[in-house]
Amino acid sequence: MTTPNFLAARTLLALTAASLIVAAANAQVPTMISYQGRVLMNNTNFGGSGQFKFALVQGVGPTLLWKNDGSPANTEPTAAVSLSVANGLVMTTLGDTALANMTALPASAFANADVRLRVWFNGGAGFQQLTPDQRIVSVGYALMANTVPDASITTAKLAPGVLSPVNFPNNSVTSVQLGDDLDLGSPSVIGRLDVYRTAAGTPGVSIIGGGSQISTYGTDGLEQIRLFGATWGELWLNNSLANNATAVNLTAQGSTGGKLTLNNTNGVSRAVLEGENTGGTLTLHTADGNVGAILYGNEGQGSGALSLRNTNGSPRLRAYGGPLSGTLELYDVDGGAPTIVAEGAEGSGGSQIQMYQANGARTIQLDAEVGTGGGGYLALYNGAGVEMATLQADEVLNDGAQLVLRNNAGAATIVLDANQGGESRITTQVLTITGGSDLSENFDVNAAQDELQSGMIVSIDPKNPGALVLARTAYDPTVAGVVSGAGGVKTGMLMSQAGTKADGKHPVALTGRVYCHVDASFGAIQPGDRITTSTTPGHGMKAIDRARASGSIIGKAMTGLSTGKGLVLVLVNLQ
């Protein structure tokens, strides 16, 4: 354990002394002294609760002038004071009787020329006297001011000529001389008090009656602080630059409320905080002095608002806190009407976003909820404000999504309904398909994986109801269609019903245009020829035998093939 650091304690005592001495003879001087120390154990700052004993010693001892517990004899105090130690630092007030085992300091102790403070400390390993004893300097002796008898300060205690018997009878200054008042100036003369001096030879502090003003000055003689109240209370704080510009201005502003202005180095406003009667505002300025942002405590309906501006001060974004819900507005380059408005809750529903053209016409509306639990809603409008398209997550509560497209008259021309009588439905006047040119259904085709190809002719499978097989006989009356997708011509419309016999893995064209594998070895094919099945698996041929062709025609050729095997565009038309 090392000795506490008493340097901080001595500094505090010296500062306290001035106030104790000013109290002088007519005030009751508190019999307490501030104490601060530092405790190390094994070169480590001690922390926690420690036990301390204190005593005032006459010189090097052994006479003890005061002990914290008031016990008699020139021995270590019996009872200790429990103090909290944080990071090695401990603070208390000697003589504070509000502390357990602490008695008041007697002024008589400081009638001795040499008084020292002795401390014992116990951090858990028993009490140990800390060394060396610390010398008490001016603070303790200020207690002697309490013992100065009334009317004992005479001219012998003052500089020669300070008091004149002519002006101050009986060598005293009373209210007779002061008239119970000390004035600088008069009703017709402006009073002023200057307290000198700065390094520039100017006053450090000035009290100026004419402006109800108190000013303080820096070492360069420039005004740094001005406090005045000729009209209302106001405080200026100036910078230390050559221009001595006001950096901070705090004013009561008369009837409009308090105002705080923060300026740049040239004294130009950059931030203004106002406590207006209608609600506080914070205004931030750009480098060129225009308003960059305003934060309102009350935008007019009792809620907060934020306005962000562009370089010329025009609004670009406004955020409102109410009154019913938060609202966000975005503006275009003109700064006129908002082009986007977002509300946290529109009416009794959910949030809403509306978008506008430059002329103010609404073109898009997005709602988080329509009706009661109706789900999300998107509406698109034309330039005349007519609703042209709507997308709704729930047409009716829990009834599925719906998309409606309207013509210029506002009439619905296309309706996509996810739930119409338990089924999805598309309602329109004309349906144009541009992705393919045939109408197909999905079928399961029983054939070897490497044998079945797009464009091959298939027939009904007699062994598997609802399934098909490759056509392998000439003039097959069970012919069903052509596997869609050959020659780069895709399926235009595909039908099936999952989980039933009306489903499968392969699209088979039942009508429309489709490329078909044919074998011209049974006769050259010309456009317009009827195509039937052949003995070449999956291939068609020109139907020559009219008697056998009935019921086995797959369609008519639209392109030709003179020899060999190849693809021919066929208009599927089962006959």
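The values are calculated or read from the model by the stated rules, or taken from the named source; none is laboratory data. Keep in mind that this is a model prediction, so the values were computed, not measured. Cβ atoms come from the backbone with ideal geometry, glycine included; neighbour counts cover every protein chain shown.
One table, with the values for the structure above:
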| read-out | value |
| --- | --- |
| Evaluation of A73 against (1) in contact (Cβ under 8 Å) with a residue 12 or more places away in the chain; (2) part of a loop (DSSP other than H, G, I, E, B) (one fails), failing number | (1) |
| Any hit, the range 110-129, residues being over 57 Å from the mean Cα position of the chain (by Cα), at pLDDT below 85 and not hydrophobic (A, V, I, L, M, F, W, C) | no |
| Test: residue in the range 278-298 that is without any contact (Cβ under 8 Å) to a residue 60 or more places away in the chain, acidic (D, E) and surrounded by 15 or more Cβ atoms within 10 Å (Cβ to Cβ) | no |
| Search result, residues across the range 510-552 that are free of Cβ contacts under 8 Å to residues at least 60 places away in the same chain and surrounded by 18 or more Cβ atoms within 10 Å (Cβ to Cβ) | V518, D519, A520, F522, I525, D529, R530, I531, T532, T536, K542 |
| The range 56-72, residues that are closer than 27 Å to G124 by Cβ, hydrophobic (A, V, I, L, M, F, W, C) and either touching a Phe, Trp or Tyr at 6+ places or on another chain (Cβ under 6 Å) or surrounded by fewer than 16 Cβ atoms within 10 Å (Cβ to Cβ) (or both) | L56 |
| Those residues of the range 429-443 which are surrounded by fewer than 11 Cβ atoms within 10 Å (Cβ to Cβ) and among the polar types (S, T, N, Q), in sequence order | Q429, T432, T434 |
| Filter result (in contact with a Gly (Cβ under 8 Å, 6 or more places away or on another chain) and assigned to a loop (DSSP other than H, G, I, E, B)) within the range 418-446 | I433, G435, G436, S437, D444 |
| Selection status of G302, closer than 30 Å to A271 by Cα, at pLDDT below 70 and assigned by TED's automatic domain parsing to the domain that holds L262 | yes |
| V248 vs. criteria closer than 30 Å to T219 by Cα and in contact with a strand residue (DSSP E or B) (Cβ under 7 Å, 6 or more places away or on another chain) | yes |
| Filter result for A409 (farther than 30 Å from V489 by Cβ and either surrounded by fewer than 16 Cβ atoms within 10 Å (Cβ to Cβ) or modelled with pLDDT under 75 (or both)) | yes |
| Test: residue in the range 78-91 that is surrounded by 13 or more Cβ atoms within 10 Å (Cβ to Cβ), touching a Pro at 6+ places or on another chain (Cβ under 9 Å) and under 19 Å from T31 (Cα atoms) | no |
